[in-house]
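Let me begin by presenting the structure, written as structure tokens, before commenting on it.
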There are 2 protein chains.
Amino acid sequence: MDDRIIYMDHSGTTPLDSRVLEAMLPHLSQMFGNPSSIHSVGQDAKRALDESRESISRILGCRTSEVVFTSGGTESDNAALRGVVDALRQTGDHIITSAIEHHAVLHTCQYLENAGFDVTYLPVDYHGRIGPEQVQKAITDRTILVSIMLANNEIGTIQPIPEISQVVHDRAQALERTIVMHTDAVQAPGYLDLSTKRLGVNMLSLSAHKFRGPKGVGLLFIKRGTPWLPQQLGGSQERERRSGTENIAGIVGMAKALELADSEREVVSAHCAGLRDRIIKGIQSKIPDAHLNGHTTERLPNNVNFSFEQIEGEPILLGLDMAGICASSGSACSSGSLEPSHVLLALGQSADLARGSLRLTLGKDNTAEEVDYLLTALGDLIHRLRQMPSLSTTGF
Amino acid sequence: MDDRIIYMDHSGTTPLDSRVLEAMLPHLSQMFGNPSSIHSVGQDAKRALDESRESISRILGCRTSEVVFTSGGTESDNAALRGVVDALRQTGDHIITSAIEHHAVLHTCQYLENAGFDVTYLPVDYHGRIGPEQVQKAITDRTILVSIMLANNEIGTIQPIPEISQVVHDRAQALERTIVMHTDAVQAPGYLDLSTKRLGVNMLSLSAHKFRGPKGVGLLFIKRGTPWLPQQLGGSQERERRSGTENIAGIVGMAKALELADSEREVVSAHCAGLRDRIIKGIQSKIPDAHLNGHTTERLPNNVNFSFEQIEGEPILLGLDMAGICASSGSACSSGSLEPSHVLLALGQSADLARGSLRLTLGKDNTAEEVDYLLTALGDLIHRLRQMPSLSTTGF
């Protein structure tokens with residue numbers, strides 16, 4: 001292999017698609033208006049904003065008025081949870097989520113616990129799945145919100161969101177109360193169907209940089225009639241639901257990226273699934289004491305996650321980086337942390353084993369040749385690491 | 001004049017500087033990493049993030065650790081106020097602000113009033129100024145936060161922030177309590193000194209698109225030791241003060257734009273002040289019944305704001321737009337609204353007169369030729385509008 005970098009960390013972030021950049025560039029040069037201005041320069045920006053919203057709403061199968069632009073997935077998740085809680089705190093104080101959510105949801109739930117709310121963190125099975133019946137049982141006459149992610153960012157496990165949404169709506173009807181169903185779908189675009197009707201959700205979060213769009217922009221789908229109060233106040237943008245001058249270039253880029261991700265979904269999914277399975281089979285046949293994390297079939301086409309016995313994740317990542325391969329031990333957000341992944345612990349994995357995890361997340365530009373190079377490099381690396389005296393053994 | 005647009009709405013938003021775009025482009029193409037990733041691609045992004053923070057902290061005269069990146073001025077203002085209130089609610093429930101703040105501050109204050117806090121909205125004098133003695137008198141033994149903007153976005157009036165900060169700190173010391181001083185400095189870059197030490201503030205908000213940077217990115221300066229709690233939770237970015245994958249291209253662009261704005265400050269200020277005064281004198285000599293809003297000397301070099309008797313602002317804007325001139329009636333955020341500006345009302349202006357306001361905000365690319373064209377077009381337009389039967393007269 002040459003000096004080229006092999007990037008296998010697409011769940012951390014993705015390269016910007018050159019067609020997305022092309023769509024953004026006019027809005028980073030001559031079309032610079034503020035969409036709130038009534039003059040021509042402002043109205044050009046307003047038009048770009050409206051067109052982006054229309055394009056996105058077609059893919060989400062929703063009304064244009066149901067799309068609220070944000071600064072990313074973390075803001076969307078925070079705003080979803082806090083906004084519902086603000087709107088429904090008079091009717092109940094119970095929230096249901098899962099133990100394997102992204103920290104944007106989990107840390108917000110912990111904040112809400114400190115503010116007096118009661119949060120149920122549903123456990124997952126060994127493959128990281130939550131059953132609709134678990135949600136059904138957890139709902140009480142104080143429940144106001146259920147937030148379950150569509151696909152997990154570390155292990156790629158896909159949750160049965162349509163079935164969970166159905167259970168939530170049925171129970172809400174039986175209890176004659178309003179329960180909002182939110183899903184963090186940040187890892188889904190390009191791989192899963194994003195129809196909000198099929199998913200049956202009231203709210204859904206997306207982040208553009210996870211699907212070859214720009215960083216710093218995302219969206220929150222808020223179905224009409226969903227009780228929710230705005231979190232960022234000021235100039236009344238986004239129909240008073242998210243104040244602040246709109247990031248036009250970012251929004252145009254996100255719309256273009258979502259169009260591309262959606263239109264290329266089947267081809268890219270098949271391509272990534274082929275490479276994914278080649279990696280999984282390769283590791284299972286070449287490297288002893290390697291445990292595949294996550295579900296075997298209900299899994300994002302681009303996700304590989306293994307735990308390796310007797311070694312830590314960080315030296316694996318550093319070794320791969322030396323070999324020109326970009327990978328991750330879990331979520332990018334927690335990379336600096338020495339804590340074992342909360343997701344792997346929730347699967348019932350020991351802290352020791354969870355510390356030896358490796359996530360490889362593929363994209364459409366990855367090739368079979370890259371996979372074969374990875375398999376050789378990884379095999380050699382794990383073998384060498386296992387022969388080195390471990391930190392704990394040598395007493396450092 | 002040819003078909004070229006004359007843009008005089010720089011307080012609404014500014015064109016992106018081509019040198020800023022140039023700095024951003026690598027981060028919208030090959031340098032796409034997530035700074036939280038420990039591999040080389042992520043670490044390249046981390047380096048760009050660190051360098052941007054260093055550059056900005058030099059201009060703010062602060063530590064790099066005191067700069068928190070946000071999605072813009074509105075988020076910064078919201079987060080500043082809510083974060084202080086969350087941290088200090090045990091020690092007091094009183095907030096001081098002014099009647100002419102941006103809605104990002106005012107609407108957050110109204111939200112906090114609904115949550116049980118007591119807010120003093122200090123009145124301003126006819127020129128839009130607040131005196132330090134007003135702040136001094138308003139501080140009580142329940143005060144936790146003072147938020148006064150550095151320069152007003154509609155009328156350009158500059159507040160004596162160093163003196164106000166001094167009063168706040170002196171009173172806090174005398175009362176043996178913590179009172180946080182925040183300033184919304186969104187309109188200041190490129191025109192005013194941003195030294196946080198000279199300003200004496202604990203917190204300061206900026207928005208990149210107001211100084212020829214990109215939309216969708218801003219910052220909050222938080223002086224070390226300031227009691228404040230994070231508002232956006234998740235992946236622990238920005239030293240756990242603002243979670244969410246960093247908008248690297250936007251942050252790099254903001255840093256470059258701030259460097260340029262600061263280094264060109266004297267030249268651009270002098271250029272704009274010359275044009276500003278030419279407009280003010282031109283209007284005062286050519287157009288009867290025109291009232292200059294704001295201070296005559298303590299005023300942003302690029303701000304002109306007039307109220308014209310007997311006419312409304314909207315037809316002025318539409319007429320100017322037809323003549324190829326982009327202007328505003330007040331803040332861009334309130335452009336769609338038929339309400340008279342809260343800022344002009346706070347000056348003691350009647351609602352009728354306030355409805356006939358025009359804001360012209362200049363930038364470095366505006367020319368004397370453009371100003372002369374504007375003065376002719378505006379003079380003709382106001383004359384014609386005053387001869388038309390008003391909407392109220394004809395009973396529509």
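A few comments on the model shown:
- Among the residues of the range A:107-119, those identified as polar (S, T, N, Q) and either open to solvent by 40 Å² or more (accessible area, probe 1.4 Å) or in a loop (DSSP other than H, G, I, E, B) (or both) are A:Gln110, A:Asn114.
- In the range A:325-352, the residues that are open to solvent by less than 10 Å² (accessible area, probe 1.4 Å) form Cβ pairs under 8 Å with partners that are among the basic types (Lys, Arg) and modelled with pLDDT of 85 or more, at six or more places apart or across chains, as follows: A:Ala327/A:Arg359; A:Ser328/A:Arg359; A:Gly330/A:Arg359.
- The listed residues are B:Leu106, B:Leu204, and the only one of them that is touching a helix residue (DSSP H, G or I) at 6+ places or on another chain (Cβ under 7 Å), under 23 Å from B:Arg82 (Cα atoms) and in contact (Cβ under 8 Å) with a residue 12 or more places away in the chain turns out to be B:Leu204.
- Being touching a helix residue (DSSP H, G or I) at 6+ places or on another chain (Cβ under 7 Å), buried (at least 24 other Cβ atoms within 10 Å of the Cβ) and under 22 Å from B:Pro227 (Cα atoms) holds for only one residue in B:Ile155, B:Ile148, and it is B:Ile148.
- Note on the range A:206-246: among residues that are more than 10 Å from chain B (Cβ to nearest Cβ) and at positive phi, the one that is modelled with the highest pLDDT is A:Gly225.
- Checking each residue in the range A:44-80 for being among the aliphatic types (A, V, I, L, M) and either in contact with a Leu (Cβ under 7 Å, 6 or more places away or on another chain) or closer than 11 Å to A:Leu220 by Cα (or both) picks out A:Ile56, A:Ile59, A:Leu60, A:Val67, A:Val68, A:Ala79, A:Ala80.
- The range B:93-106, subset buried (at least 20 other Cβ atoms within 10 Å of the Cβ) and closer than 18 Å to B:Thr178 by Cα, residue farthest from the chain's Cα centre (by Cα): B:Ile95
- Restricting attention to the range A:2-25, the residues being open to solvent by 40 Å² or more (accessible area, probe 1.4 Å) and either in contact with a His (Cβ under 8 Å, 6 or more places away or on another chain) or more than 10 Å from chain B (Cβ to nearest Cβ) (or both) number 5.
- Within the range B:123-169, the set of residues being of a type in the set (A, V, I, L, M) and under 15 Å from B:Thr297 (Cα atoms) comprises B:Ile130, B:Leu150, B:Ala151, B:Ile155, B:Ile158.
- Output for the range B:283-301, where each listed residue is open to solvent by less than 60 Å² (accessible area, probe 1.4 Å) and among the polar types (S, T, N, Q): B:Asn293
- Sub-8 Å Cβ pairs linking a first residue in the range A:82-98 that is over 18 Å from A:Leu175 (Cβ atoms) to a second residue that is open to solvent by 40 Å² or more (accessible area, probe 1.4 Å) and among the aromatic types (Phe, Trp, Tyr), at least 6 apart or interchain, are A:Thr97/A:Tyr121; A:Ser98/A:Tyr121, ordered by first then second residue.
- Residue match in the range B:229-236 (condition: touching a Cys at 6+ places or on another chain (Cβ under 7 Å) and open to solvent by 20 Å² or more (accessible area, probe 1.4 Å)): yes
- Under the condition of being closer than 16 Å to B:His107 by Cα and touching a Phe, Trp or Tyr at 6+ places or on another chain (Cβ under 9 Å), the residues counted in the range B:47-75 number 0.
- Verdict on B:Leu194 being farther than 17 Å from B:Arg299 by Cα, modelled with pLDDT of 95 or more and in contact with a Leu (Cβ under 8 Å, 6 or more places away or on another chain): no
- Candidate set: the range B:51-86, residues that are away from chain A (no Cβ under 14 Å) and among the acidic types (Asp, Glu); chosen: the one surrounded by the most Cβ atoms within 10 Å (Cβ to Cβ): B:Glu66
- In the range B:238-259, the residues that are of a type outside the set (A, V, I, L, M), open to solvent by 10 Å² or more (accessible area, probe 1.4 Å) and in contact (Cβ under 8 Å) with a residue 24 or more places away in the chain: B:Glu238, B:Arg239, B:Arg241, B:Arg242, B:Thr245, B:Glu246, B:Asn247, B:Lys256, B:Glu259
- In the range A:194-248, the residues that are among the polar types (S, T, N, Q) and over 18 Å from the mean Cα position of the chain (by Cα): A:Thr226, A:Gln231, A:Gln232, A:Ser236, A:Gln237, A:Ser243, A:Thr245, A:Asn247
- For the range A:167-188, filtering for residues that are crowded, with 24+ Cβ neighbours inside 10 Å and either among the hydroxyl-bearing types (Ser, Thr, Tyr) or touching an Asp or Glu at 6+ places or on another chain (Cβ under 7 Å) (or both) leaves 2.
Yes/no matrix, rows are residues, columns are (1) at pLDDT below 95; (2) part of a loop (DSSP other than H, G, I, E, B); (3) open to solvent by less than 10 Å² (accessible area, probe 1.4 Å):
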position: A:Asp125; (1), (2), (3): no, yes, no
position: A:Arg129; (1), (2), (3): no, yes, no
position: A:Asp141; (1), (2), (3): no, yes, no
position: A:Ser165; (1), (2), (3): no, no, yes
position: A:Arg198; (1), (2), (3): no, no, no
position: A:Leu204; (1), (2), (3): no, no, yes
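- Filtered residue count, the range A:27-37, keeping only those that are of a type outside the set (Phe, Trp, Tyr), within 7 Å of chain B (Cβ to nearest Cβ) and within 33 Å of the chain's Cα centre (by Cα): 5
- Selection status of B:Ile280, within 25 Å of A:Gly42 (Cβ to Cβ), away from every other protein chain (no Cβ under 11 Å) and either open to solvent by 20 Å² or more (accessible area, probe 1.4 Å) or more than 18 Å from the chain's Cα centre (by Cα) (or both): yes
- Test: residue in the range A:38-46 that is within 11 Å of chain B (Cβ to nearest Cβ), more than 22 Å from the chain's Cα centre (by Cα) and part of a loop (DSSP other than H, G, I, E, B): yes
- For the residues B:Ile95, B:Ile155, the requirement of being of a type in the set (Val, Ile, Thr) and either touching a Lys or Arg at 6+ places or on another chain (Cβ under 8 Å) or assigned to a loop (DSSP other than H, G, I, E, B) (or both) singles out B:Ile155.
The values are calculated or read from the model by the stated rules, or taken from the named source; none is laboratory data. Given the structure is predicted, the values throughout are model-derived calculations rather than measurements. Using ideal geometry, Cβ is built from the backbone for each residue, glycine included, and neighbour counts are taken over all protein chains shown. Accessible surface areas use protein heavy atoms only, side chains included; no ligands, DNA or RNA. Shrake-Rupley method; radii C 1.70, N 1.55, O 1.52, S 1.80 Å.
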